[in-house]
Amino acid sequence: MSDPSIKDFEAAIAELESIVKKLEEGDLSLEQSLELYERGVTLSRYCHSRLEAAEKRIEILNERGELKPAPASLAADPPSRG
Amino acid sequence: MSDLFDLPFEEEPAEPEPERPPAPPPVVRRILSVTELTVRVRDLLESQFFEVWIEGELSNCRSSNGHLYFKLKDSQAQLQGFMFRSTLRYLRFKPADGMHVVARGKITVYEPRGEYQLVCEHLEPHGLGALQLAFDQLKKRLQAEGLFDAARKRPLPALPRKIGIVTSLDGAAIRDIIKVLQRRHPNAHLVIRPSRVQGEDAAPDIATGLRAISRVPGVDVVIVGRGGGSIEDLWAFNEERVARAIARMPMPVISAVGHETDTTIADFVADVRAPTPSAAAELVVARKDEFWAHIDRLRDRGHAAVQRRVQMASRRAHLVGGRPAFAGFAGRLAMRARFAGELAHALARLGRAAVAVRERRVQTADRQLATFDVGRRLAGIRVRLVSADGRLTAGAHRRHARADARLRQTIGRLESLSPLAVLGRGYAVCWNADRTRVVRDAATVAPGDGVHVKLARGELECDVRAAKDS
């Protein structure tokens with residue numbers, strides 16, 4: 001998922017927005033429309049994959065500036081209090 | 001005179017010689033030095049006025065070497081006052097002339113000048129609480145510096161890579177944040193910098209924590225806060241150093257302090273203010289929800305726009321096909337047929353992707369459901385989720401089917417206009433001699449030029465005898 005033509009999530013969204021806008025303005029040749037459309041599909045796929053790609057992790061930054069995994073107790077819901 | 005001496009000695013009992021009145025005891029002139037006296041006065045005052053509370057109005061406030069000198073006065077009298085730099089720094093407001101204050105301290109004597117004065121150990125505004133005044137003053141100052149300006153507020157990242165959190169590990173706040181994030185953003189990456197959030201050390205600890213977390217690569221939004229409490233409990237978030245640390249953060253900061261009713265200085269400086277820690281977590285992941293919807297909307301709009309474009313092209317092809325001079329468009333029609341083929345692929349792929357995306361979402365929702373404890377709220381939530389998922393999937397399938405149908409229509413129309421079909425109706429395409437372009441205008445050929453004429457079946461090689469403008 002490293003398409004060199006896509007900088008990051010925000011850039012992808014911005015480009016997707018501008019593509020849709022151009023497509024909607026409608027003064028493109030059919031060929032151009034289709035090219036843009038293809039690009040839009042690539043971008044929207046990238047965005048979706050980025051939405052799912054983040055790593056699930058909880059870390060503690062200690063006083064020495066080291067990152068340690070958080071104790072499991074922190075993430076776990078304490079047993080029902082009610 | 002001699003007579004006197006000759007007088008017989010009278011036999012009188014000698015009267016006891018009256019004793020000389022005892023000399024008055026000599027006055028002890030205990031002479032004190034000025035210093036000695038001053039010391040005695042000082043001792044007296046210091047023991048008598050070891051701790052006094054005095055109310056009055058401040059005047060002549062001035063500082064020297066960080067110490068504060070002032071006068072405390074009322075309508076009848078005034079008292080010289082002094083406060084050491086070391087105690088001054090604990091004040092949460094800035095003393096100023098005209099302020100009505102209550103001072104605590106001891107009376108002492110400044111020996112070099114023989115003046116008694118108050119050594120002030122504590123000063124607080126009379127009436128208005130010291131904390132409130134401190135809050136108002138700092139708020140006013142930072143506001144004047146522009147730290148609360150709307151222009152300074154940065155948008156939250158569309159999709160945070162890592163979410164930094166500065167709070168206590170002991171309170172409910174961190175658990176609330178984690179719970180919300182895990183429920184709504186199961187793959188969130190959190191970096192927590194534990195910090196005290198109450199008491200004297202809290203403010204420096206929070207400020208240091210913020211700086212530390214801003215240096216962790218990838219952290220692009222930070223939540224700083226604690227659960228609710230009294231105004232004293234929340235005080236660290238009203239301290240200037242915390243406010244400045246927030247203002248200096250290179251990434252947006254969400255403040256999440258206590259209850260909605262207390263707005264802290266930190267709240268004013270932060271890019272976004274959340275009323276509670278859970279709300280802060282929701283603000284971060286709300287962005288994710290929004291983007292899911294946003295991307296879907298964009299894709300749908302793009303899809304619709306391209307379909308409109310294809311339909312427009314095909315309508316134009318119809319029109320052109322009906323005109324006598326249509327022949328020159330045959331090549332372009334062929335090209336459009338090819339585009340339509342590509343479009344079919346693109347749309348089909350897209351449709352599959354859209355369905356896949358929604359299926360993934362349903363799976364995610366399922367996973368989330370699986371991690372829920374089967375608690376009181378579960379039943380309602382599950383019902384809502386299931387019906388929402390059902391609608392999503394059904395919607396995707398419907399849209400996919402609609403797109404397919406429309407595409408098949410479009411392609412059918414284009415096929416009916418394919419060059420061969422047109423030629424079959426008796427029209428021909430005329431190319432120039434070297435077949436580089438279609439001849440559309442009689443003026444572009446001269447008598448004697450060769451042309452190629454393509455028919456539905458076979459081709460003619462012709463020489464032009466005459467070219468007439470119609």
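Between the beta carbons of residue B:115 and residue B:248, assuming R0 = 56 Å, the FRET efficiency works out to 0.80 to the nearest 0.05. Model label points for residue B:290 and residue A:21, set 7 angstrom from Cα along the Cα-to-Cβ axis, are 1.7 nm apart. Each residue, residue B:145 and residue A:32, gets one label point 7 Å from its Cα in the Cβ direction; the gap between the two is 5.1 nm. For GluC sites (Glu not before Pro), the sites in region B:44-74 that DSSP calls loop and that have at most 10 other Cβ atoms within 10 Å are B:51.
Across region B:73-78, coupling constants 3J(HN,Hα) worked out from phi with the 6.51/-1.76/1.60 Karplus curve, θ = phi - 60°, read 9, 10, 5, 9, 8, 9 Hz, and Gly and Pro carry x. Counting Cβ atoms of other protein chains within 10 Å of each residue's Cβ and taking the mean over peptide B:152-158 gives 2. Peptide B:289-301 has a mean shielding of 5, counted as Cβ atoms of other protein chains within 10 Å of each residue's Cβ. Under the criterion of Cα pairs below 8 Å and six or more residues apart, the relative contact order for region B:424-463 equals 41 percent.
Per-residue shielding of B:210-217, expressed as the average number of other chain Cβ atoms within 10 Å of the residue Cβ, stands at 2.
Pairs from the table (B:94/B:162; A:22/B:179; B:71/B:139) lying more than 32 angstrom apart at Cα are B:94/B:162; A:22/B:179. The packing ranking of peptides B:190-199, B:154-163, highest mean first, is B:190-199, B:154-163, where packing means the average number of other beta carbon atoms within 10 angstrom of each residue.
Could you tally the net charge around residue B:58, taking each other residue with its Cβ under 10 Å from the Cβ of residue B:58, Lys/Arg +1 and Asp/Glu -1? Provide the component values of the computation, followed by the final result.
Working: positive: B:71, B:73; negative: B:57, B:97.
Once positives and negatives cancel, what remains is 0.
Taking every alpha-carbon pair under 8 Å whose residues sit at least 6 apart, region B:183-286 reaches a relative contact order of 26 percent.
The peptide list B:92-105, B:448-461, B:168-181, B:28-41, put in order of mean Cβ contacts within 10 Å with the highest first, becomes B:168-181, B:92-105, B:448-461, B:28-41.
Read-outs: derived from the displayed coordinates by stated rules, not from any lab. In this text the structure is predicted, and so the values were computed from the model without any measurement. With ideal geometry, Cβ positions are generated from the backbone for all residues, glycine too; neighbour counts draw on all protein chains shown.
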